[in-house]
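Novice: Dumping the structure here so I can ask a few things about it.
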């Protein structure tokens, strides 16, 4: 949620966020209200937010009920697909009184996703296993936006579970033999060592993807329902379908994309101009908002 | 107490071994990937004959590399917990005692969690990376054992009431630290803690770990078994045992250390699998009597059977997904304990 606010360029009206809000780096300097599951209600109330943005995947309904009791309104997003993320970004932009910024951000996201879709069009999707945790093996279920993000990146999860975070049997994975393992990690440099370690274990060694070191590592932006997920999707598509991106001469436009996509450290420059001053605050909201991720 | 004959002991153990074998075959057959009994028998024969290289099918590899090691782990964990539970119940003369009552599992959990937090900051060689968590758990379990031992001494010797109280308080203190860490550490590795606390057998280890577990189990169990007679006398009371010529201090110390070691071994590879160490000793006592010379080996086999069955359920009931084996043992264990209790009262 914090990332969405930054992408919309209204971060100066963000009065607080959670311990987990670490992107962009500036988000770490905001007043922290605690964790996503157990934020301090006193801290939130003391910031006098007009609106609290929450996400159903992480925050508890109890938090929202308590905020209601304090007379603080909140908006909860509950995205299950990449498209839902676009919709909720538009909605948040609307609530914060910057619908133009929302249209712009989502327009660009949509355009990048469309261009990716055109490129991957004829190529069959890769069979992949998204690894949330290795021992025990936890993956993602079909109704998570992560599973949908994989589809956008030209991959299909071999796990088809109604649970969101299924504890998957390694036997089943060994039978289905995914072409790629996908790791999403903020410490991406540690993943190769992690796969090397798995390759020493009898149960993991028999996975061809482990034996042949066929894995992709993307930013943990894929775990967050924010505009940056598109960069993670593009990055994943490049790693899974190098042939698609290799045999086409790279145009200037694409080069720019490449530079910005792997974990950009600056907030997207395009949106800087949308900074609204406190006084221009518009119809729905003029003031601060505390964000729980 | 009926006089023990070697013949009766062997018969009892043979019966349980046969049941264990049957359970293992069933456990090998069922899983997320279906296997026919014929293919299973053929592959097993090849493994026994040392021709495992001839196992060509994918399913053979799945059985050999995933299912069989997991069943072996279940056997070792179940047997260790059950022997440890039997020992603690005798040592503390308390029917509610289980391997975790003295805080060993909480200590191990804290060690595992500290390992999980430290892991991303360490550059470990690949062959060692998988051992970090079990090792941290084991070291912390050992430290807990030592701390509880010093808390449990009165006038230089173990006092079972003080030991029990010291252990329970240590466990609750360590649990509080775990809760504190889980709600304050923001590392993504904290996700692993929840899985660890539930207890599961799906972790894969290098071959050496299984040998180490097996060796540790046999050595510690043999040490406890050598004190089986003394444990029988201890049931009557510490003073009475002393009058009958038992070196109570020595027996208490040896059994305490060996049983804690067994618990530490089991917990470090599987997390806390609940109820096995509490219920299985009671069931075996119910069936075979309370002579520790039969109770210890039958409890070991019974614990192995219980955990292999529970893990087979955990693997298959929601296949191709799994549930934690600790959840299965807890759901079955609590009602079973109540049943045994009512039965004894009636």
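Novice: Looking at (1) touching a helix residue (DSSP H, G or I) at 6+ places or on another chain (Cβ under 8 Å); (2) within 27 Å of residue A:4 (Cβ to Cβ), find the lone condition where residue A:137 falls short.
Specialist: (2)
Novice: Something else now. Find the residue count for segment B:119-172, including only residues that are in contact with a helix residue (DSSP H, G or I) (Cβ under 8 Å, 6 or more places away or on another chain) and not in a helix (DSSP H, G or I).
Specialist: So the answer is 10.
Novice: Going by the conditions given, is residue A:159 crowded, with 20+ Cβ neighbours inside 10 Å and at the interface with another protein chain (Cβ under 9 Å from one of its Cβ atoms)? Can you show your working first?
Specialist: Details: crowded, with 20+ Cβ neighbours inside 10 Å: yes; at the interface with another protein chain (Cβ under 9 Å from one of its Cβ atoms): yes.
The answer is yes for residue A:159.
Novice: Further question on the same structure: Scan segment B:233-243 and give yes if some residue there is at pLDDT 85 or above and under 19 Å from residue B:132 (Cβ atoms), otherwise no.
Specialist: No, segment B:233-243 contains no residue that is at pLDDT 85 or above and under 19 Å from residue B:132 (Cβ atoms).
Novice: Taking residue A:99 as meeting all but one of (1) within 26 Å of residue B:184 (Cα to Cα); (2) free of Cβ contacts under 8 Å to residues at least 40 places away in the same chain; (3) in contact with a helix residue (DSSP H, G or I) (Cβ under 7 Å, 6 or more places away or on another chain); (4) crowded, with 17+ Cβ neighbours inside 10 Å, write down the number of the exception.
Specialist: Checking residue A:99 against (1) within 26 Å of residue B:184 (Cα to Cα); (2) free of Cβ contacts under 8 Å to residues at least 40 places away in the same chain; (3) in contact with a helix residue (DSSP H, G or I) (Cβ under 7 Å, 6 or more places away or on another chain); (4) crowded, with 17+ Cβ neighbours inside 10 Å, the one that fails is (1).
Novice: Working carefully through the options A:52, A:105, find the one that is over 16 Å from the mean Cα position of the chain (by Cα), surrounded by 17 or more Cβ atoms within 10 Å (Cβ to Cβ), more than 15 Å from residue A:146 (Cβ to Cβ) and touching a residue at least 60 places away in the same chain (Cβ under 8 Å).
Specialist: Unique residue meeting the criteria: A:52.
Novice: One residue is enough: does segment A:67-80 have a residue meeting the conditions surrounded by 15 or more Cβ atoms within 10 Å (Cβ to Cβ) and under 30 Å from residue A:169 (Cβ atoms)?
Specialist: Within segment A:67-80 (the criterion being surrounded by 15 or more Cβ atoms within 10 Å (Cβ to Cβ) and under 30 Å from residue A:169 (Cβ atoms)), the answer is yes, since at least one residue qualifies.
Novice: Could you tell me whether segment A:30-41 includes any residue that is crowded, with 18+ Cβ neighbours inside 10 Å and on the phi > 0 side of the Ramachandran plot?
Specialist: Yes - at least one qualifying residue is present in segment A:30-41.
Novice: Can you find even one residue in segment A:225-239 that is within 9 Å of chain B (Cβ to nearest Cβ) and within 28 Å of residue B:318 (Cβ to Cβ)? Lay out the reasoning, then the answer.
Specialist: Let us first name the residues in segment A:225-239 that are within 9 Å of chain B (Cβ to nearest Cβ), namely none.
No.
Novice: What number of residues within segment A:163-210 satisfy the criterion of being closer than 23 Å to residue B:316 by Cβ, at the interface with chain B (Cβ under 7 Å from one of its Cβ atoms) and in a helix (DSSP H, G or I)? Outline the logic, then answer.
Specialist: Of the residues in segment A:163-210, the ones closer than 23 Å to residue B:316 by Cβ are A:163-178, A:201-204, A:206-207.
Keeping just the survivors that are at the interface with chain B (Cβ under 7 Å from one of its Cβ atoms) gives A:163, A:166-172, A:174-175, A:201-204, A:206.
Of the ones still in play, those that are also in a helix (DSSP H, G or I) are A:170-172, A:174-175, A:202-204.
Selection size over segment A:163-210: 8.
Novice: Report those helices (runs of 4 or more DSSP H) wholly inside segment B:222-321 carrying at least 3 residues which are within 14 Å of another protein chain (Cβ to nearest Cβ) and buried (at least 18 other Cβ atoms within 10 Å of the Cβ).
Specialist: The qualifying helices (runs of 4 or more DSSP H) are B:248-270, B:292-316.
Novice: Could you check how many residues of segment B:322-342 are free of Cβ contacts under 8 Å to residues at least 12 places away in the same chain and away from every other protein chain (no Cβ under 14 Å)? Steps first, please.
Specialist: So the first thing to find is which residues in segment B:322-342 are free of Cβ contacts under 8 Å to residues at least 12 places away in the same chain, and the list is B:323, B:331, B:335, B:338-339, B:341-342.
Right, trim to away from every other protein chain (no Cβ under 14 Å) and you get B:331, B:335, B:338-339, B:341-342.
Here the count works out to 6.
The values are calculated or read from the model by the stated rules, or taken from the named source; none is laboratory data. Nothing here was measured: the structure is a model prediction, and the numbers come from that model. Heads up, the Cβs are rebuilt from the backbone with ideal geometry, glycines too, and the neighbour counts pull from every protein chain shown.
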